[in-house]
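Trainee: Below are the structure tokens for one structure; questions will follow.
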Amino acid sequence: MLIAGTLPATGGQIQLGSLPPLPDAEGFAGPFAGLSNNALLVAGGANFPDRKPWEGGTKVWYDTVYVLESPDGEWKPAGTLPRPLGYGVSVTTADGVVCVGGSSAEGHFADCFRMSWKNQQLVIDELPPLPSPRANFCGAVVNDVLYVFGGIANPASTFTFNELLSLDLKNPDTGWKLLAPCPGPGRILAVAAGQGGALQIFSGADLDADPDGKPARIWLTDAWQYHPSRGWSQLSDLPRPAVAAPSPAPLSGVAHVLVVGGDDASQLQTAPGDHRGFPREVLAWHSVTDTWVEAGQIPAELHSPVTVPVVKWGDQYVFPSGEVRPGIRTPNGLTLRVEPQQAGFGVVNWGVVGIYLGGMIAVGWWFMKRDTSSTTDGYFRGGQRIPGWVAGLSIFATMLSSITFMSIPARAYATDLSWYLGQLPILWIIPLVAYRYLPFFRQLNVTSAYEFLEQRFNLSLRLFASLSFMLFHIGRIAIVLYLPALALAAVSDIDVLTAILLIGILCLIYTVMGGITAVVWTDAIQAIVLLCGATLCFVLAAVHVDGGFFGMLEMAQQDRKLFQNLQWSSMSVADGTLSPIVLLVAFSFNSLVPYTSGQDVVQRYVTTRDLPTARRSMWLTMWMSVFGSMIFFLLGTAIYGFYRSHPDLLDPAMAQPDGILPFYILQQLPAGISGLVIAAIFAASQSTVSSSLNSIATTWIADFDRRCLRPRREDHVYLAAAKFVVVGVGLVAIGAACWLATSRMESAFKQFNTLIGLTSGPLGGVFAVGVFTRRVSGWCAMAGAVVSATTVFTLYFAKAPVTGLLYAFVGCTVCFVVSLALSLVTPSGREVDRDLKVVS
């Protein structure tokens, strides 16, 4: 493919090129086009083959279908349509090219059919027709639903449709549905797009009757969005009309839509023969900030086509043929690709990160030299000499992974602060844990949290819970290493594998050297680094918003980026719910489970010298979670305000939704400072990874090796085995993360991790049964866990309309209720008192 031009975009580079010309001297306006089995099909359309329209030429429609099987191949005839047709809507689907409506010399049509290229043959299948004929309309696919909007019923009509129609592409036989009409005017030749799970409609022209009763265009610059669950809303106006611009508009990254060219009515008085061609500006609309910028211009050597569909082919968009001046077509196709912007990390930043990571190694070496990890008690519990404030910071850092560090600001940036509500349940979860659960763990003097389950129930439950924890955290380490590295690599020249190896190996070194003492102290340092980095980014972003900090708040208030979207009267449990009650219930149990049944958290409870110190650590964790998380949420709001004020600094090619924070850091912060904040992202990864490594080693030695496999061995045998487990698990997880980075199995690996994670709710339920009941036996608790897990798995695989946020609530509740119910109808076996001593 010939790359004919490159133009700067708002953050990346738009690369333009051309396809081999169609085997027609004139080319076509209004053709249908799309992909089938990775072959490009172009069908129908119209041109003026003999003379131009101002010379008295006659428009001719075609039924010819051409196919191009590779971008650098040759076009060849593929077959014909049922009739000459053009100026309809065409979109690519998994089963072929769906073509809707259109016109010919005989009038407008309601046809709907699907073209597919199979075994070197064109196959056309009929689909349910439109409710009425129409042409010159637009459409796009959103979540396997085709939406079409606007158009006119016949060539002489002055009435434009403003109704929205939809067709479920998974069940097309159900036919077209009439949806709510657009609040704006009807229109022809608008541009459609499907970004962010919603349909966008840009520009177009309304019609009115001129003095002779003929259609006269009213050029529009308004824009509208239809969300399947929220209906219509108005967007920011375009800088200029873009009538008949290529549609569906190209999508760029996770949030941009590109409107290429289009007629802006600036040459209405120009004689047709003197027309200079349609505008060459590429406009970029950003779905999060609802802003428009000019992303560049199409070079003079390339045409700016209108009335042409857009087809995504691999990593580029294709504009096959089209109209380049009134009445004049082109057989040449245009291609467009947006290359992402990647900032250089630089020597200074690497130096800062190197100093930080070296400091973490020094901490591990220091505690190794102090013999704090020379016994299993020291290696797993720090000799119970960890200060309460350090343990509290460690719990906070453990719960805040690098994924959370980036995803909380990204969510607040993309939506609002509604999910901050989920941080409030910690205010009642921590007291509950401190006064109901913590005394059991301290009284039993546990090393593994799952020792409690054996003393309360039986060995089987202990081993089941321990194994579930280990499997989940091995996968979690890989994900926590991989996803932040991927986000950093997407916006910088930091290699994915380099980031994974750097974080993973260095974390492995200080964890194996210093044991839990090194882990807890480095976690505390990392918690401070995390908060300082987030606070610094927040301040720098807020002061550069138009109007500063108060301007940021005013902008957030106007744009509904605070808490305005909470639905106080709703009790919806569906995905995306904004019901405060549902969110509070969901996040209550999402906090309860790790704080009561996660070894990585429970282990911190027994590293302090006594129960009051452990409780003080939890109070610190509670307030850090409430106020620290607010910083992360407000950081997202500040970044939103910054890019709302400076939309030209966004990168249209940003492909990672969680990449906005590292993108801002590397784009806007000075060298050294950006290195420090990136070190904070590394810190978030390391705190999670080191905690998981040590807690996996602890559960293996305490629950399997010492309890079942090799009881009554010397302490140094278990200590050596623990370090071996840390190294082995660490290398496996690092290898898995590298494998994810070089393979296409990310989704399968996440699925595996998700399935293992679904057991966390039932596991939390088992602990609750053990703490709050006295007569429930081990087999009743196990049965409750099985029923609970089955329920959660059923909800997940059946894709029930229940948000995943509620899975922990469902798992805990079902386990508790079923276990208690079984204990009431069956012999309890034994009854225990508050000290877990058998009393009957």
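Please treat every number below as a calculation from the coordinates, not as lab data. Everything numeric here is computed off the predicted structure, so don't read it as measured data. Cβ sites come from the backbone with ideal geometry, for glycine too, and all protein chains shown count toward neighbours.
Trainee: Picking from 638, 542, 593, whose Cα lies most toward the positive end of the charge dipole for segment 504-642 (charges on Cβ: Lys, Arg +1; Asp, Glu -1)?
Mentor: Looking along the dipole axis, the top candidate is 593.
Trainee: Quick one: what does P(r) look like for segment 125-201 with 5 Å bins over all Cα pairs, in whole %?
Mentor: Percent of Cα pairs in each bin: 3, 16, 26, 26, 18, 8, 2, 0.
Trainee: Could I ask something else about it? In Å, the Kirkwood hydrodynamic radius of segment 225-268 over pairs of distinct alpha carbons?
Mentor: 12.4 Å
Trainee: From the Cα trace of segment 658-741, what convex hull volume per residue do you get, rounded to a whole Å³?
Mentor: About 114 Å³ per residue, rounded to a whole number.
Trainee: Modelled label-to-label distance, residue 214 and residue 59, 7 Å Cα→beta-carbon offset: nm?
Mentor: Those two pseudo-labels are separated by 1.3 nm.
Trainee: Could you tell me whether segment 388-436 comes out rounded, prolate or oblate from its Cα gyration tensor? Rule is a ≥ b ≥ c as square roots of the eigenvalues, rounded for a/c under 1.5, then prolate if a/b exceeds b/c, otherwise oblate.
Mentor: In terms of gyration-tensor shape, oblate.
Trainee: Run the numbers for residue 627 and residue 315: contour at 0.36 nm per residue of separation, minus the present Cα-Cα distance, in nm.
Mentor: Between residue 627 and residue 315, full extension yields an extra 108.1 nm.
Trainee: Net charge near residue 113: determine it from the other residues with C-beta under 13 Å of the C-beta of residue 113, scoring Lys and Arg +1 and Asp and Glu -1.
Mentor: That sum, taken over residues with Cβ under 13 Å, equals -3.
Trainee: Taking all pairs of different Cα atoms in segment 574-657, averaging 1/r and flipping that mean, what Kirkwood radius in angstroms comes out?
Mentor: About 16.5 Å for segment 574-657.
Trainee: Which whole-Hz ³J(HN,Hα) couplings does segment 517-533 yield from phi under the Karplus relation 6.51 cos²θ - 1.76 cosθ + 1.60, θ = phi - 60°, glycine and proline marked x?
Mentor: 5, 5, 4, 5, 5, 5, 4, 4, 4, 5, 4, 5, 4, 4, 5, 5, x
Trainee: With no solvent and one point per C-alpha, what does the Debye sum give as log10 I(q)/I(0) for segment 197-243 at q = 0.23 Å⁻¹?
Mentor: Log10 I(q)/I(0), no solvent term: -0.79.
Trainee: Each label point is 7 Å from the Cα along the Cα-to-Cβ direction; what then is the distance between the points at residue 739 and residue 105, in nm?
Mentor: According to this spin-label approximation, the distance is 6.4 nm.
Trainee: May I pose another question? Rg/Rh for segment 78-144 to two decimals, with Rh computed the Kirkwood way over all alpha-carbon pairs.
Mentor: Result: Rg/Rh = 0.96.
Trainee: Residue by residue, what Karplus-based ³J(HN,Hα) values in Hz, rounded to whole numbers, does segment 189-200 have, using 6.51, -1.76 and 1.60 with θ = phi - 60° and x for Gly and Pro?
Mentor: 6, 7, 10, 10, 8, x, 10, x, x, 9, 9, 10
Trainee: Per-residue HN-Hα couplings for segment 653-660, Karplus 6.51 cos²θ - 1.76 cosθ + 1.60 at θ = phi - 60°, whole Hz, x for Gly and Pro?
Mentor: 8, 4, 9, 9, x, 8, x, 5
Trainee: Could you compute how fast segment 72-116 diffuses translationally, taking Rh as the Kirkwood radius over C-alpha pairs and applying Stokes-Einstein at 10 °C with viscosity 1.306 mPa s? Give it in µm² per second.
Mentor: For these conditions, the coefficient is 135 µm²/s.
Trainee: Give me Rg over Rh for segment 34-73, both radii from the alpha carbons and Rh done the Kirkwood way, two decimal places.
Mentor: Here the Rg-to-Rh quotient is 1.19.
Trainee: I want to check the label-to-label distance for residue 825 and residue 581. Put each point 7 Å from Cα in the C-beta direction and report it in nm to one decimal.
Mentor: Taking the simple label geometry, residue 825 and residue 581 are separated by 2.9 nm.
Trainee: Return the FRET efficiency for the residue pair residue 786, residue 655: r is the Cβ-Cβ distance, R0 is 45 Å, and the value is rounded to the nearest 0.05.
Mentor: 0.65
Trainee: Using Cα-only point scatterers and the Debye equation, what is log10 of I(q)/I(0) for segment 521-626 at each q in 0.20 Å⁻¹, rounded to two decimals?
Mentor: For segment 521-626, the Cα-only Debye profile gives -1.10.
Trainee: Right, next: Using Cβ contacts closer than 10 Å as the measure, can you line up 168, 264, 703 from fewest to most?
Mentor: With the sparsest Cβ surroundings first, the list reads 168, 264, 703.
Trainee: Once amide H atoms are built 1.01 Å from N in the peptide plane, which residues 5 or more positions from residue 575, or in another chain, come under 5 Å H to H?
Mentor: 802, 803
Trainee: Shifting gears a bit: At R0 = 25 Å, how high is the FRET efficiency between residue 427 and residue 384 if r is their beta carbon distance? Nearest 0.05 is fine.
Mentor: 0.35
Trainee: Let me ask something else about it. Please list, ordered by chain and number, the residues whose modelled amide H lies under 5 Å from the amide H of residue 252; skip anything fewer than 5 residues away on the same chain.
Mentor: Excluding prolines and chain starts, which carry no amide H, the hits are 257, 258.
Trainee: Roughly what angle does helix 580-597 make with the longest principal axis of the chain, taking Cα atoms, 0 to 90 degrees, to the nearest 10?
Mentor: The angle comes out at about 40 degrees.
Trainee: By what distance, in whole Å, do the Cα atoms of segment 225-307 stretch along each of the three principal axes, largest value first?
Mentor: 48, 24, 19
Trainee: Please give the contour-minus-distance gain from residue 560 to residue 543: 0.36 nm per residue of separation, less the Cα-Cα distance, rounded to one decimal in nm.
Mentor: 4.1 nm
Trainee: Which translational diffusion coefficient, to the nearest whole µm²/s, is obtained for segment 270-388 from the Stokes-Einstein equation, given a Kirkwood hydrodynamic radius over C-alpha pairs, 10 °C and 1.306 mPa s?
Mentor: Translational diffusion coefficient: 76 µm²/s.
Trainee: Taking 25 Å as R0, compute the FRET efficiency from the Cβ-Cβ separation of residue 720 and residue 455 and round it to 0.05.
Mentor: It comes to 0.35.
Trainee: Next question. Which value, in debye to the nearest 20, gives the size of the charge dipole of the chain about its Cα centre, when Lys and Arg are +1 and Asp and Glu are -1 at the Cβ?
Mentor: 3540 debye
Trainee: Taking the dipole about the Cα centre of the chain, with the C-beta of Lys and Arg at +1 and of Asp and Glu at -1, give me whichever of 680, 116, 497 is farthest to the positive side.
Mentor: My answer, from the dipole projection, is 680.
Trainee: Still on this model: Taking a cut-off of 38 Å, what percent of all Cα-Cα pairs in segment 2-339 are separated by more than that?
Mentor: Roughly 7 percent, once rounded to a whole number.
Trainee: Helix 548-558 versus the longest principal axis of the chain: what angle, 0 to 90°, nearest 10, using Cα atoms?
Mentor: Value to nearest ten degrees: 70.
Trainee: How long are the semi-axes of the ellipsoid equivalent to segment 346-757, from square roots of 5 times the Cα gyration tensor eigenvalues, in whole Å, largest first?
Mentor: That gives 35, 25, 19 Å for the three semi-axes.
Trainee: Enumerate the amide H contacts of residue 62 below 5 Å, restricted to partners 5 or more residues apart or on another chain; note that Pro and chain-start residues carry no placed amide H.
Mentor: Here 45, 85 satisfy the definition.
Trainee: Another question, then. How big is Rg to Rh over segment 377-510, alpha-carbon atoms, Rh as the Kirkwood inverse-mean-distance radius?
Mentor: 1.02
Trainee: Summing Lys, Arg as +1 and Asp, Glu as -1, what charge do residues with Cβ under 11 Å from the Cβ of residue 294 carry, residue 294 excluded?
Mentor: Once all neighbours under 11 Å are counted, the net charge is 0.
Trainee: Angle between the Cα long axis of helix 388-399 and the longest principal axis of the chain, 0 to 90 degrees, nearest 10?
Mentor: It is inclined by approximately 30 degrees.
Trainee: Another one. If each residue of separation counts as 0.36 nm, what is the full-extension length gain between residue 347 and residue 234 once their alpha-carbon separation is subtracted?
Mentor: The residue 347-residue 234 span can extend by a further 36.1 nm.
Trainee: Let me ask something additional. Give the average over all directions of the projected area of the C-alpha convex hull of the chain, one decimal, in nm².
Mentor: 38.4 nm²
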